[in-house]
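Here's the structure, in structure tokens; my notes come after.
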């Protein structure tokens, strides 16, 4: 993932960045907001009492709802985490994994950009996917 603030290297030919790079402005309130540039901002706040699985399902549900309401629009996801502090880059093990493993592997492909407390703002170098699965399954695979 690339930082949206980093300059592009024009010596490498045409940019492979997504066609519609959204403007960065975190919404004032959690939820889904339509932006003036035909992009969507998704803002989620994880509370101290929120667990990993519920937070993952809530994040996925917000992305899914944004795609349903605004099909194909560029999506930017903003995340704030209250509590869950620990020795893993400032977070407990669950919310380090949430940001570093789960978000990058599961959520990021369905976003144009995202801003996590662990990473700051990042731009997906690939085009955002809009073919979200019906549900997010967390846990051992069913046989």
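The values are calculated or read from the model by the stated rules, or taken from the named source; none is laboratory data. Predicted, not measured: the structure shown is a model, and the values here were computed from it. Don't worry about glycine lacking a Cβ; one is built from the backbone with ideal geometry, like all the others, and counts go over all protein chains shown.
Could you identify the single residue in 45, 21, 40 that is modelled with pLDDT of 50 or more, in a loop (DSSP other than H, G, I, E, B) and surrounded by 10 or more Cβ atoms within 10 Å (Cβ to Cβ)?
21
Restricting to region 77-111, name every residue that is in contact with a helix residue (DSSP H, G or I) (Cβ under 8 Å, 6 or more places away or on another chain) and part of a helix (DSSP H, G or I).
94, 95, 97, 98, 102, 103, 106, 107, 110
Return the pairs, sorted by first residue and then second, in which the second residue is modelled with pLDDT under 90, the first residue lies in region 67-84 and is surrounded by fewer than 19 Cβ atoms within 10 Å (Cβ to Cβ), the beta carbons are less than 6 Å apart, and the residues are 6+ apart or on different chains.
82/47; 82/48; 83/48
Among (1) assigned to a strand (DSSP E or B); (2) within 16 Å of residue 61 (Cα to Cα), which single condition is residue 122 missing?
Status for residue 122: all satisfied but (2).
Please verify whether residue 56 is surrounded by 13 or more Cβ atoms within 10 Å (Cβ to Cβ), modelled with pLDDT of 90 or more, under 13 Å from the mean Cα position of the chain (by Cα) and within 19 Å of residue 117 (Cβ to Cβ), treating the condition exactly as stated.
So residue 56 passes the test.
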